[in-house]
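Enquirer: Quick one: this structure, given as structure tokens, is what I'll be asking you about.
The values are calculated or read from the model by the stated rules, or taken from the named source; none is laboratory data. Keep in mind it's a predicted model, so treat the numbers as computed, not measured. We place every Cβ from the backbone using ideal geometry, glycine too, and count neighbours over all the protein chains shown. Note: accessible area is taken over every heavy atom of the protein model, side chains too, but ligands, DNA and RNA are not part of it. Shrake-Rupley method; radii C 1.70, N 1.55, O 1.52, S 1.80 Å.
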Amino acid sequence: MVQFVSRRLVLGSLLAASAAESAMPALAQSGDPSTQAVTAPVRQLNDGLLAIMKAGSTAGYAARLNRISPVVDATFDLPLMTRLVVGSVWTKTPATDQSAVAAAFRKMTAARYAASFKGYSGESFEIDPKVEARGPDRLVHTKLIRPRGTPVALDYRLRQSGGQWRIIDIYYQNSISQIATQRSDFARILATGGVKALTIHLTQLAATSAK
Amino acid sequence: MRLAPPALIALTLTATPPAIGQTVELAAPQAAAAALPGATAAAVPATTAPPRPRTKGDPWEKFNRGMFRLFQSFDRAVFRPVALAVGKIIPKPIRSGIRNFLRNLSEPVVFLNDVLQLKPGRAVRTLARFTLNSAVGLGGLADVAKTAKLPHRDNGLGNTLAHYGVGPGPYIFLPIIGPTTLRDFSSAQADRLVLPLAVGKPFNRFDWQLATGALAGLDQRIESDEDLRTLLSGAADPYATLRSVYLQSRIAEIAEIKGKTATPTTFEDPLEDPASADTAAPTGADAPVADPSPAPTEEAPAPPPAANEVQIEPASPAGT
């Protein structure tokens, strides 16, 4: 465990430091309107998160949820993310179960943001104007700057849907993918109880966030 | 198993409700399944773990899950309460002094592996750090090198082997030691032999190893408490979540050792939409680079070829 820890910390500082100067493939230039279209959802999400952080506990959970839900809807491609975490069984899932799990995933995502972002102590977000491209997807590098402590690298993967760029995955400290983690976390529940069991789990997660 | 400063995981992907005092339960999948209408009840026996597909990179999953359960029971009953009590009794500056001291003793091994990886720059910085902290930092109790822009950079035989192309081997979870792989676990044992063999006393004494091991383990448990709770309390399958996060972070660490850029290695996964997978026409031109790390990737249902064209969204589920 000791090793795991120190490695993680080292990694975080190393990568954060090298992020700005590393040569990346297919870099788009800042100021390019197409690049701004890619970074806009990330900016919108960051602004929304800062707003609920500042609203904090005085606003309360319900108010934070009301405020962040439309932002989450507008910035994430939640239906696609649902399909990605459900994986290959998606096509064999009845349409009613598909919409139920998508609705539960959406609720859970917003609820966890509302529950986690509940206080403000001088944090800010920094968005790297250079956008990385691979296939149909774009990668936006951001940093969470904290008054104390090292910056945290958060990278957003976006894909175009209906002419709009939407977030489909988040990478924590340049290494841990939300989709990959959730796929692992949900693999067992999907194997044992199927999409219905996952829907129940996600609904419970959203409900416990309110507490 | 400290993953990151506490608030941070909560801020990101693993964001979970702040389940204060809540212990991690493995029962979640069964509980959820049991709540289903009768149709699935037969498929989910109440007491025994149901069969599930094998996970790539974790051939010893059954053993590992047993160890994970064992660790959770031990952690709940003994380890966590003791660690938190120790954390209250011993003030933070003293704990960080002990941490610095023990970490300073690891620098010779870091140096050795810097050299083995043919990284002279890093080796020199590690040596400078060790010398500075040992001489000016009261034998390593104070991390003066960090303020002199010489932060600790971990390294070990596991990284060196990975650097020269050795794969991780099977994933292992062991109580106290936590998540590791066959390569990393055996390498860690070799790393631990360096000081006892090269210096001898007191490093080769059993009571020294026991005492330093206990101190480091307790300190680690204290420091990682909030993170672990945040990471695992909302998990449907805490074992798999921890495995995934550990393996992903190792893949990134090894990519970094090999001089890869700051692009997350998982960005290579095309993340093909399951709903349009059968209609996607893969082309080779912009195929994603093969996983740069020999480490096992998590079970990704996405097929290997890249989906180059912009995905055509099917009728979205009514999720709004």
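Enquirer: Using the structure shown, select from A:K143/B:K258; B:K92/B:K201; B:K146/B:K260 the pairs with a Cα to Cα distance greater than 27 angstrom.
Expert: The answer is B:K92/B:K201.
Enquirer: Is the shape of segment B:59-113 rounded, prolate or oblate, going by the alpha carbon gyration tensor and its root eigenvalues a ≥ b ≥ c, with a/c under 1.5 for rounded and a/b larger than b/c for prolate?
Expert: Oblate.
Enquirer: Additional query: What is the sum of charges, Lys and Arg at +1 and Asp and Glu at -1, for the other residues whose Cβ falls under 13 Å from the Cβ of B:P93?
Expert: Its environment carries a net charge of +1.
Enquirer: Separate question: Calculate the length of the line joining the C-alpha centroid of segment A:146-211 to that of segment B:152-193, in whole Å.
Expert: With segment A:146-211 and segment B:152-193 each reduced to a Cα centre, they are spaced 28 Å.
Enquirer: If you don't mind, there's one more thing I want to ask. ³J(HN,Hα) across segment B:180-186 via Karplus (A = 6.51, B = -1.76, C = 1.60, θ = phi - 60°), whole Hz, x for Gly/Pro?
Expert: Listing the rounded values in order: 7, 10, 4, 4, 6, 5, 5 Hz.
Enquirer: What net charge is computed for the residues neighbouring A:A63, neighbours being all others with C-beta under 15 Å from the C-beta of A:A63, Lys and Arg scored +1, Asp and Glu -1?
Expert: Spelling it out: positives minus negatives among the neighbours equals +4.
Enquirer: Work out the mean other chain Cβ neighbour count within 10 Å for the residues of A:198-205 and drop it here as an integer.
Expert: The per-residue average across the peptide is 5.
Enquirer: Keeping every protein chain in place, order B:W208, A:W165, B:W60 by accessible area at 1.4 Å, biggest value first, i.e. largest first.
Expert: Descending accessible area places them as B:W60, B:W208, A:W165.
Enquirer: If you take the square roots of the eigenvalues of the alpha-carbon gyration tensor of segment B:61-273 and sort them as a ≥ b ≥ c, do you get rounded (a/c under 1.5), prolate (a/b over b/c) or oblate?
Expert: oblate
Enquirer: Could you pull out every residue, at least 5 positions away or on a different chain, whose amide H is within less than 5 Å of the one on A:V131? Hs are placed 1.01 Å off N in the peptide plane, and Pro or chain starts have none.
Expert: Placed amide hydrogens put A:A28 under 5 Å from A:V131.
Enquirer: Separate question: Taking a probe of 1.4 angstrom, what is the accessible area of A:F117 in Å², to the nearest 10?
Expert: 10 Å²
Enquirer: Taking all protein chains together and a probe of 1.4 Å, list A:I145, A:I68 from the most accessible to the least accessible.
Expert: If we order A:I145, A:I68 from most to least accessible, we get A:I145, A:I68.
Enquirer: Separate question: Between segment A:58-120 and segment B:196-249, what's the alpha-carbon centroid distance in Å?
Expert: After rounding, the separation between the Cα centres reads 33 Å.
Enquirer: Can you give me the Kirkwood hydrodynamic radius for segment A:29-126, using every pair of distinct Cα atoms, in Å to one decimal?
Expert: 15.0 Å
Enquirer: A follow-up question, please. Checking the a/c ratio against 1.5 first, then a/b against b/c, what shape does the Cα gyration tensor give for segment A:91-130?
Expert: oblate
Enquirer: Can you compute 3J(HN,Hα) from phi for each residue in segment B:114-120, using the Karplus curve 6.51 cos²θ - 1.76 cosθ + 1.60 with θ = phi - 60°, rounded to whole Hz and x for Gly and Pro?
Expert: 4, 5, 4, 8, 6, 10, x
Enquirer: What percent of all Cα-Cα pairs in segment B:143-240 falls in each 5 Å bin, counting up from 0?
Expert: Calculated P(r), rounded to whole percents: 2, 10, 12, 17, 21, 20, 12, 4, 1, 0.
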